[in-house]
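A short write-up of the structure that comes next.
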Amino acid sequence: MMKKIESHRLCGGDLQVWQHVSTVTTTDMTFAVYLPPKALAGEACPVLYWLSGLTCTEQNFIQKSGFAEFASHYNVIVVAPDTSPRGDDVANADRYDLGQGAGFYVNATQAPWSAHYQMYDYIVEELPALIEANFPANDQRSIFGHSMGGHGALMIALRNPERYASASAFSPIVAPSQVPWGQQAFSAYLGDDKDTWQLYDTVNLVNQSQGKRQLPILIDQGLADEFLVEQLQPELLEQAAAQANYPMTLRRQAGYDHSYYFIASFIGEHITHHAKALGVA
């Protein structure tokens, strides 16, 4: 059962927000979908998935990023889900970086989180199936995100290179096993089994990528980002990619912080990156 809760004409397309009952989280889930002009005309279009960061819902991206001009130009459907299950019966924590709004795109194995926090399966399996069944989408997909969502996008693309044409990220958490945000979330959601942690760690996945299909990856990192040194550490991914001969572009942007001002400054270049990989640019 799907329920449309918003619809707005935008850049020649239609921005919609939907709610549905998820079978993997067993909760209501909300996502935004932008249908560009060709999709509105019934033509099947590729889909670009956006994963947001800590505390965010779908609203941050659709209101602040300025994505629609570029999605409309390339006729790419853009889908932006919420960052976790939500509700009175969903486990939560008294902090911004754990619990609701902070799902980290993993399948939780530990109580109480495991009851609903199955975001990896939701993003990889359930949501694409829903989009492709209910909207004029073809089977071509790419994925990008910011911060926690940058972690999610890179990790999911590296684990499923046959499912995605490209990946990109703004200010991603590239080594969650090695930084406080990730260590806290992984300890809560996944327990003490560090081998399980590695399944969701981008640096480890690059280290293990030999023999797998390599995707075009673009990363932008602001040098005025307040989380750069403690939480993000892009040099760890840069080193892993060099050792694994994995081609990726990491751009350090002087003066930019962790905010949506940064995202809005380079969102067009990221969507162009994906449009090329999806064959529509």
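Working only with C-alpha atoms, what are the Rg and Dmax values of the chain, expressed in angstrom?
17.4, 50
State, to one decimal in nm, how far the label point of ASP14 lies from the label point of ASP257, with both points 7 Å from Cα in the Cβ direction.
Rounded to a tenth, the inter-label distance reads 3.8 nm.
Starting from region 86-173, pick out the chymotrypsin sites (Phe, Trp or Tyr not before Pro) whose DSSP state is loop and whose Cβ has at most 13 other Cβ atoms within 10 Å.
In loop regions of region 86-173 (DSSP not H, G, I, E or B), the sparsely surrounded chymotrypsin sites (Phe, Trp or Tyr not before Pro) are TYR96.
State, to one decimal in nm, how far the label point of GLU230 lies from the label point of LEU40, with both points 7 Å from Cα in the Cβ direction.
A separation of 4.5 nm, rounded to one decimal place.
Want the number for GLN178 to GLN59: 0.36 nm per residue separation, take away the alpha-carbon distance, what's left?
Separation in residues times 0.36 nm, less the Cα-Cα distance, equals 39.9 nm.
With a 10 Å cut-off between alpha carbons and a GNM built on the chain, which of GLN221, GLN184, GLN118 moves the most?
Most flexible of the set in this elastic network: GLN184.
So how much slack lies between ASP28 and ASN207, counting 0.36 nm per residue of separation and subtracting their Cα-Cα distance, in nm?
Separation in residues times 0.36 nm, less the Cα-Cα distance, equals 60.8 nm.
So what's the net charge close to PRO180: Lys and Arg +1, Asp and Glu -1, counting the other residues with Cβ under 13 Å from its Cβ?
Result for the local shell: -1.
How big is the convex hull of the Cα atoms of region 1-135, per residue, in Å³?
100 Å³
Largest first, please: the extent of the C-alpha atoms of region 186-281 along each principal axis, to the nearest Å.
Each principal axis gives a Cα extent; for region 186-281 these are 39, 34, 25 Å.
Tell me, in nm to one decimal, what length is gained between GLU269 and SER114 on full extension, where the rule is 0.36 nm per residue of separation less the Cα-Cα distance?
Result for the pair: 52.1 nm of gain on full extension.
Bear in mind that the values in this text are calculations on the coordinates, not laboratory data. Values in this document were obtained by computation on a predicted structure and should not be read as measured data. All Cβ positions, even for glycine, are placed from backbone atoms using ideal geometry, and neighbour counts span all protein chains on display.
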